[in-house]
Amino acid sequence: MIGGSWRDSSDGATIAVEDPSSGATITHVADATVADGRAALDAAVAAQAGWAATAPRDRGEILRSAFEAITARAEEFAMLMTLEMGKTLAESRGEVTYGAEFFRWFSEEAVRISGRWSTAPNGATRLLTMKKPVGPTLMITPWNFPLAMGTRKIGPAIAAGCTMVVKPASQTPLTMLALAQLLADCGLPDGVLNVVTTSRTGEVMEPIIRDPRLRKLTFTGSTAVGRSLVEQSAQQLLRVSMELGGNAPFIVFEDADLDRAVEGAMLAKMRNIGEACTAANRFYVHEDVVDEFAGKLATRMGALTLGKGTKKGVDVGPLIDGKARDGVAELVEHARAQGATIVTGGKAVPGRGYFYEPTVITGVAKDARMMTEEIFGPVAPIASFRTEAEAIELANDTEYGLASYVFTTDLGRMIRVAEGLQYGMIGINQGIISNPAAPFGGVKASGFGREGGFEGIEEYLETTYVGIAP
Ligand code: NAP
């Protein structure tokens with residue numbers, strides 16, 4: 001969608017969209033060329049001045065209508081997402097609620113953009129600061145949350161008065177295309193949001209990133225791609241936000257409510273089939289309770305039913321593709337070869353679709369690949385620790401710093417551990433941390449910038465300072 005109209009790729013090429021539960025092709029979408037990418041940026045640039053001048057209330061009302069329209073059509077969006085991404089309908093419905101909420105939150109923020117007024121310390125001048133939209137923004141999103149990773153960027157950009165070019169992941173373009181039409185139906189002016197689907201990703205994105213008319217790049221995806229995009233963006237000194245990979249530790253202390261910890265573990269590990277940047281990647285459990293925790297978690301994980309996400313009674317859908325499934329299998333084999341014990345699961349499911357059994361592994365070595373790399377699948381490796389200091393040290397021993405989880409009933413310990421963890425987000429006694437009203441984001445190799453909360457809109461605003469001599 002460029003400048004408010006749907007078009008084919010300029011060379012007629014298409015991308016096949018696949019159902020990961022069967023490998024069958026669902027449909028085809030346009031495979032944009034470099035010229036199409038440029039046309040999308042042209043449209044965003046042309047719309048920028050008019051959009052920035054639109055009243056904040058009008059921008060907010062469009063977001064509010066879109067929130068209501070998505071909510072009214074929740075089943076349709078959930079079905080689309082399940083078909084292209086694989087997770088169960090129940091999980092997709094959860095993402096629709098979560099994703100739509102960013103529009104409601106930022107509809108409320110659009111009218112609260114403000115600067116400040118003060119007197120200089122020497123009394124000679126007055127200091128005024130005003131906020132302005134950053135300008136045309138390129139948004140690149142991943143396949144794991146096809147709606148929410150878009151609304152988390154589009155919501156604040158619309159609220160702030162920025163226009164945009166959105167590039168959804170090639171494997172899950174359908175949800176974003178449906179969202180673009182919905183926003184147009186809710187009154188978003190032509191050219192404010194342009195969507196480009198392409199499999200020639202680097203080739204089409206790089207000229208946009210290097211175009212001096214682009215003002216901001218926001219990316220959610222892997223750390224490897226994020227690094228290369230930061231390099232490309234350096235030429236234009238773009239404003240950049242990076243939501244990258246994670247390697248979340250999940251720490252259970254001996255004083256924790258163990259049933260609550262297992263409940264939290266199921267959410268932190270199994271939400272989105274483990275294909276979440278916030279997914280618990282490494283479980284560190286105090287040596288006094290590790291056997292009991294592993295036993296309870298394995299019972300819960302082993303009882304889950306795998307299958308196509310649209311089927312009733314299914315708890316866990318397929319992984320996104322064969323490469324993802326084989327990658328998970330390799331990590332499990334590596335841990336097994338080092339002497340770890342598979343308590344439940346541990347195998348890919350033969351046949352159509354990219355299924356991997358929910359798996360619990362104990363006695364996993366510190367240097368096992370699954371402790372240092374993102375697993376992105378339904379596998380829970382468990383190791384034990386003895387002291388609080390050791391738990392913090394193990395948790396921080398990674399280049400990543402996105403989400404982390406701590407289970408304890410000791411208030412002093414909550415504070416000490418939260419202060420010691422080098423993570424952008426810390427969940428205490430809860431297995432889900434994402435919330436549209438909170439600042440989502442990481443430190444270290446998990447990136448920079450925040451999405452959601454009061455901080456989210458700041459990423460799309462510039463500060464201008466005006467000094468006034470009275
Ligand atoms: P990815 O391979 O990095 O892809 C993400 C997006 O970047 C896709 O739209 C992809 O397009 C695009 N892309 C790939 N190569 C590119 C290039 N050279 N230039 C410009 N764009 C390029 O990541 P993924 O496998 O889709 O997503 C999983 C990763 O995302 C995990 O590491 C996960 O932790 C991270 N993630 C982070 C957050 C967060 O908020 N921190 C949230 C969700 C996911 P194509 O699809 O066309 O290749």
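Readers should treat all values here as calculations from the given coordinates under stated rules, not as data from a laboratory. All figures in this text were calculated on a predicted structure; none of them were measured in a lab. Reconstructed Cβ throughout: ideal geometry from the backbone, glycine too, with neighbour counts over all protein chains shown.
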Worksheet item: Remind me, relative contact order of the chain in percent, using alpha carbon pairs under 8 angstrom and six or more residues apart?
Response: 19 percent
Worksheet entry | From the C-alpha gyration tensor of the chain, square roots of 5λ in Å | 38, 28, 19
Item to complete: For Asp257 paired with Asn396, estimate the spin-label separation in nm (one decimal), with each label point 7 Å from Cα along the Cα-to-Cβ line.
Response: 2.9 nm
Discussion item. Between Thr119 and Thr97, what is 0.36 nm times their sequence separation minus the Cα-Cα distance? Round to one decimal in nm.
Written reply: 3.5 nm
Discussion item. If R₀ is 41 angstrom, what is the calculated FRET efficiency for the pair Ala90 and Ala53, using the beta carbon separation as r and rounding to 0.05?
Written reply: 0.45
Fill in: Label-point separation in nm, Ala72 to Thr464, each point 7 Å along Cα→Cβ
3.8 nm
Practice prompt. Once you have all Cα-Cα distances for the stretch 257-305, histogram them in 5 Å bins from zero and send the whole-percent values.
Written response: 5, 20, 32, 26, 13, 4, 0
Discussion item. If every alpha-carbon in the stretch 1-83 counts as one equal scatterer, what log10 I(q)/I(0) does Debye give at q = 0.15 1/Å?
Written reply: -0.87
Worksheet item: What's the angle, to the nearest 10 degrees (0 to 90), between helix 74-85's Cα axis and the longest principal axis of the chain?
Response: 70 degrees
Practice prompt. Please label the shape of the stretch 223-316 as rounded, prolate or oblate, based on the square roots a ≥ b ≥ c of the eigenvalues of the alpha-carbon gyration tensor (a/c under 1.5 means rounded; beyond that, a/b larger than b/c means prolate, else oblate).
Written response: oblate
Worksheet item: Given labels modelled 7 Å from the Cα in the Cβ direction, how far is it in nm from Glu455 to Thr372?
Response: 2.9 nm
Discussion item. Checking the cross-link filter: which lysines have an alpha carbon closer than 26 Å to that of Lys131, excluding same-chain neighbours under 8 positions apart?
Written reply: Lys153, Lys216
Item to complete: Take the Cα of Asp190, step 7 Å along the line toward its Cβ, and report every residue of the stretch 30-61 whose backbone nitrogen sits under 17 Å from that point.
Response: 39-51
Discussion item. From the helices alone, meaning DSSP H stretches of at least four residues, give me the mean residue ellipticity at 222 nm for the chain, per-run term -39500 (n - 2.57), in deg cm²/dmol to the nearest 500.
Written reply: -12000 deg cm²/dmol
Worksheet item: Can you give the angle from 0 to 90° between the axis of helix 89-109 and the longest principal axis of the chain, with both taken from C-alpha atoms, to the nearest 10?
Response: 40 degrees
Practice prompt. Take every DSSP beta bridge whose two residues both sit in the chain, then give the antiparallel share in percent to the nearest 5.
Written response: 40 percent
Worksheet item: What pairs in Lys87/Lys347; Lys87/Lys444; Lys269/Lys296 have C-alpha atoms more than 24 Å from each other?
Response: Lys87/Lys444
Worksheet item: How far, in nm, would the chain grow between Lys132 and Thr299 when pulled straight, counting 0.36 nm per residue and subtracting the alpha carbon separation?
Response: 54.7 nm
Practice prompt. For the stretch 125-261, just the Cα atoms, rotate onto the principal axes and tell me the three extents in Å, largest first.
Written response: 55, 52, 35
Fill in: the stretch 67-107 and the stretch 374-429: distance between their alpha carbon centers, rounded to Å
30 Å
